[in-house]
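The values are calculated or read from the model by the stated rules, or taken from the named source; none is laboratory data. No experiment lies behind these values; they were computed from the predicted model shown. All Cβ positions, even for glycine, are placed from backbone atoms using ideal geometry, and neighbour counts span all protein chains on display. With ligands, DNA and RNA removed, areas are computed over all heavy atoms of the protein, side chains included. Shrake-Rupley method; radii C 1.70, N 1.55, O 1.52, S 1.80 Å.
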Amino acid sequence: MIDSPFGSVIVRRTASLLVSLVQLFALYVLFFGQYGPGGGFVAGVMIAASLVFGLLVFGEDSETAQRATRLLAGDGVGLLLFVAVGGLCLIGGGEFLNYSQAPIPGLDSAARRYLGILMTQVGVALDVAVAAVSIVYSLSRNVESENTDA
C-alpha cells in the first residue's frame, strides 16, 4: 500500500516528534474546544493528519499504521456515541442533546452539560478521524490497483 520512501534518521526522528506533538495538541483542542476555538471536528482532522503523515513517513508496517488500522476498526463508534448522548437526554425527559436533562446521578446541571458536550465532541472527533483516514486508505488502494493493471 504505502511504502516508506524516507530512510533518513533525521526525517524519521523529526516526524516521530511531530506526530506525537500534533496528537497531543489535538487532545488539547478536543478537551478545551468548548472554551475557545476548536472542538471535535478540528481535533479529528488533526488526529487524521498526524496518522496520514506518519503513514507517509514510516510506511505501512509502522506503529502509526497499526494505530490507523485500529482507528478504522472503530468506524461508526463516534456516531453511536453522539446518538447515545442525545438519546440519554431524551430518556431524561428533555430534548435531543439537551445535556442538562441527562439522567446522570450525582451531577448537577452544569456538570451534566459539560460532560454531554465533551462526549459529543469526542464522538465527532472519532467520526472525522475515521472518515479522513479511510479516504486516504481507499485512495491509496485505487492508485495501487491502477499501477498493477498497467
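General remarks:
- GNM result for the chain, Cα springs below 10 Å: residue of GLY86, GLY40, GLY74 fluctuating most strongly: GLY74
- Shown in residue order for the range 8-16 are the 3J(HN,Hα) couplings computed by the Karplus curve 6.51 cos²θ - 1.76 cosθ + 1.60 at θ = phi - 60°: 5, 5, 5, 5, 5, 5, 5, 5, 4 Hz (x for Gly and Pro).
- Maximal additional length on extending the ALA73-PHE32 stretch stands at 12.1 nm, based on 0.36 nm per residue less the C-alpha distance.
- Of the residues LEU139, LEU79, LEU55, the one that moves most in a GNM of the chain with alpha-carbon contacts below 10 Å is LEU139.
- The phi-based Karplus calculation (6.51 cos²θ - 1.76 cosθ + 1.60; θ = phi - 60°) puts the 3J(HN,Hα) values of the range 44-59 at x, 5, 5, 5, 5, 5, 5, 5, 5, 4, x, 5, 5, 7, 8, x Hz, whole numbers, x for Gly and Pro.
- Nitroxide proxy distance, nm - points 7 Å out along Cα→Cβ at GLU63 and SER100: 4.5 nm
- Using the rule -39500 (n - 2.57) for each DSSP H run of four or more residues, divided by the residues of the chain, the 222 nm mean residue ellipticity is -25500 deg cm²/dmol.
- The chain, relative contact order [Cα under 8 Å, separation at least 6], %: 27 percent
- Taking a Cβ cut-off of under 13 Å around GLY92, the surrounding Lys, Arg, Asp and Glu residues balance to a net charge of +1, with basic ones at +1 and acidic ones at -1.
- Between SER134, SER16, SER109, the Gaussian network model of the chain with springs among Cα atoms under 10 angstrom shows the greatest mean-square fluctuation at SER109.
- Accessible surface of the chain, 1.4 Å probe: 66 percent of it comes from carbon and sulfur atoms.
- At most 12 other Cβ within 10 Å, DSSP loop - GluC sites (Glu not before Pro), the range 1-110: GLU95
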